[in-house]
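The values are calculated or read from the model by the stated rules, or taken from the named source; none is laboratory data. Please read all numbers here as calculations on a predicted model, not as lab measurements. Backbone-built Cβ (ideal geometry, glycine too); neighbour counts: all protein chains shown.
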């Protein structure tokens, strides 16, 4: 079903519309905030008239924009890493090796997602960069569909998902991050083909599947929960941690509520059996994955802390809008239900984020999106509910005034977020319309053009450069480095490679040692900066001049 498509009351929605024991389904059943049955009448009426919902229209436009972006390929620096991974799998599905360096050790970037893309590339013959870019609109469609279904767990009102569609990408802060796995508007434009974007979609769809399984437990539904969970762990482990916390938030409220504690019909036992089945299947999926062991990745996750430190710099500027608009909604939900799943999600995800900031475990900052999603979705659900109540009881009342102030603050925050983030949307324009003046005015930073290097250096060659950012850019052409330009916790000789690369670039390194290192790492080319490497000319067999005083130097074979 397409994102936002009108639907009849299904397993997720029927519990809210029907009396009887199914009402006890807790967070799995949506709460119709518009009054008994009213939201469902709106959905059914639209279904009869076949009128597309506002959410479907907006989602369709967003996906069309993603198609235009996939043709432009303005993706961020991580794009090269994933292109190199897909390329390695195209060359050898069973033993791809590391995507960043010449090594037989598989990295954690070989996931079911990149494997599927590699299979598509092998069948179609399309380049890895093209196949990865083509996945961008698919990832966005899944993400938007997952958001629509997740909001539907808490309300049947058709306007709540529309508000969430604006709140999730825009309610962040004044200093917005463009970071993998962070669904800011500015960042999403650059990360749509990344595994983290698919991971966000799987996170939302997994929560929906869990809620469906809890509301109407069948083995098939629990199997789906397990498969989605295992797949997410492999595709994006950081997002999987957030998914686990969200699953706990959805389950806790159901298992400790009084009606369930007193139930004598085996409901709790059945749910525990279903949860055990899902967990066992998820673990099995992870264990049978042949390319890397997740346990190894978890034990070395501390290596990723330094690169994640920016996630904790000035959190008010990074995430302030979400807290200002979302905390009142969580407060309302907490007063209504102390076991509300969105409140629990906020607390369960916020605690490790706080611990990460206090202990220096900055990799835990990857849970910030889960914290913000709990705020943003709660704000969308409760603000629509409050506006409906204010409309039903007009007049100058305290509740009406408070609702108006809250709605005004939310509107200002959304407009501010749009004004701060919309610049990257211009990347859908043809390149000849993105003049340097326009790029500067809207803070658009396209990836540097390294195509002149790729015209000389073939895929699979090893190139030495002093700038890790250059090495990251060149990965999109499948040009490898001596030391990985991105951290790789599963590369056993990562530290030695970094030390050897520093020795290669050090002018004081003795000639025999430098010669041995060049030969040992199979360095074919050197990208020399404008300042030059005084030791390089003795090894050069060919020199290609580049922009800004750069030189691309071919080394003596062997």
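Numbers below:
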{"quantity": "Check on residue 193, buried (at least 22 other Cβ atoms within 10 Å of the Cβ), assigned by TED's automatic domain parsing to the domain that holds residue 55 and touching a helix residue (DSSP H, G or I) at 6+ places or on another chain (Cβ under 7 Å)", "calculated": "yes"}
{"quantity": "Looking only at region 433-453, and only at residues there that are within 14 Å of residue 469 (Cβ to Cβ) and at pLDDT 80 or above, the one that is farthest from the chain's Cα centre (by Cα)", "calculated": "453"}
{"quantity": "Number of the condition not met by residue 395 [criteria: (1) on the phi > 0 side of the Ramachandran plot; (2) at pLDDT 90 or above]", "calculated": "(2)"}
{"quantity": "Residues that are touching a helix residue (DSSP H, G or I) at 6+ places or on another chain (Cβ under 8 Å) and closer than 30 Å to residue 357 by Cα, drawn from region 283-302", "calculated": "283, 286, 294, 297, 298, 301, 302"}
{"quantity": "Number of the condition not met by residue 71 [criteria: (1) assigned to a helix (DSSP H, G or I); (2) in contact with a helix residue (DSSP H, G or I) (Cβ under 7 Å, 6 or more places away or on another chain)]", "calculated": "(2)"}
{"quantity": "Failed item in (1) over 40 Å from the mean Cα position of the chain (by Cα); (2) not in a strand (DSSP E or B), with residue 486 passing the rest", "calculated": "(1)"}
{"quantity": "Filter result for residue 90 (buried (at least 23 other Cβ atoms within 10 Å of the Cβ) and over 30 Å from residue 210 (Cα atoms))", "calculated": "no"}
{"quantity": "Residue within region 198-207 that is more than 27 Å from residue 74 (Cα to Cα) and buried (at least 24 other Cβ atoms within 10 Å of the Cβ) present", "calculated": "yes"}
{"quantity": "Matching residues in region 469-504 - criterion: being closer than 17 Å to residue 302 by Cα and surrounded by fewer than 19 Cβ atoms within 10 Å (Cβ to Cβ)", "calculated": "487, 489, 492, 493, 495"}
{"quantity": "Selection count where residues are surrounded by 12 or more Cβ atoms within 10 Å (Cβ to Cβ) and either more than 20 Å from residue 178 (Cα to Cα) or out of contact with any helix residue (DSSP H, G or I) (no Cβ under 9 Å at 6 or more places or on another chain) (or both), scope region 435-468", "calculated": "16"}
{"quantity": "Some residue of region 515-523 being crowded, with 19+ Cβ neighbours inside 10 Å and either assigned to a strand (DSSP E or B) or modelled with pLDDT under 95 (or both)", "calculated": "yes"}
{"quantity": "Tally of residues being within 19 Å of the chain's Cα centre (by Cα) and either outside the structural domain of residue 98 (by TED's automatic domain parsing) or surrounded by 14 or more Cβ atoms within 10 Å (Cβ to Cβ) (or both) across region 291-308", "calculated": "6"}
{"quantity": "Among the candidates 373, 457, residue that is within 23 Å of residue 79 (Cβ to Cβ) and modelled with pLDDT of 85 or more", "calculated": "457"}
{"quantity": "Some residue of region 325-348 being surrounded by 16 or more Cβ atoms within 10 Å (Cβ to Cβ), over 30 Å from residue 155 (Cα atoms) and out of contact with any strand residue (DSSP E or B) (no Cβ under 7 Å at 6 or more places or on another chain)", "calculated": "no"}
{"quantity": "Verdict on residue 384 being part of a helix (DSSP H, G or I) and either at pLDDT below 90 or under 28 Å from residue 69 (Cα atoms) (or both)", "calculated": "no"}
{"quantity": "Any pair with Cβ under 7 angstrom, 6 or more apart, that starts in region 46-60 at a residue that is assigned by TED's automatic domain parsing to the domain that holds residue 146 and ends at one that is in a helix (DSSP H, G or I) and modelled with pLDDT under 70", "calculated": "53/46"}
{"quantity": "Those residues of region 524-558 which are assigned to a loop (DSSP other than H, G, I, E, B) and on the phi < 0 side of the Ramachandran plot, in sequence order", "calculated": "529, 530, 531, 533, 534, 535, 536, 546, 550, 556, 557"}
{"quantity": "Residue within region 420-428 that is closer than 28 Å to residue 376 by Cα and modelled with pLDDT under 80 present", "calculated": "no"}
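Residue by residue, here is whether (1) in contact with a strand residue (DSSP E or B) (Cβ under 8 Å, 6 or more places away or on another chain); (2) assigned to a helix (DSSP H, G or I); (3) touching a residue at least 24 places away in the same chain (Cβ under 8 Å) holds:
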site: 401; (1), (2), (3): no, yes, no
site: 414; (1), (2), (3): no, yes, yes
site: 422; (1), (2), (3): no, yes, yes
site: 449; (1), (2), (3): no, no, no
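Residue-by-condition table, conditions (1) without any contact (Cβ under 8 Å) to a residue 60 or more places away in the chain; (2) within 23 Å of residue 547 (Cα to Cα); (3) outside any loop (DSSP other than H, G, I, E, B); (4) assigned by TED's automatic domain parsing to the domain that holds residue 75:
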position: 427; (1), (2), (3), (4): no, no, yes, no
position: 437; (1), (2), (3), (4): yes, yes, yes, no
position: 440; (1), (2), (3), (4): yes, yes, yes, no
position: 443; (1), (2), (3), (4): yes, yes, no, no
position: 446; (1), (2), (3), (4): no, yes, no, no
position: 456; (1), (2), (3), (4): no, yes, no, no
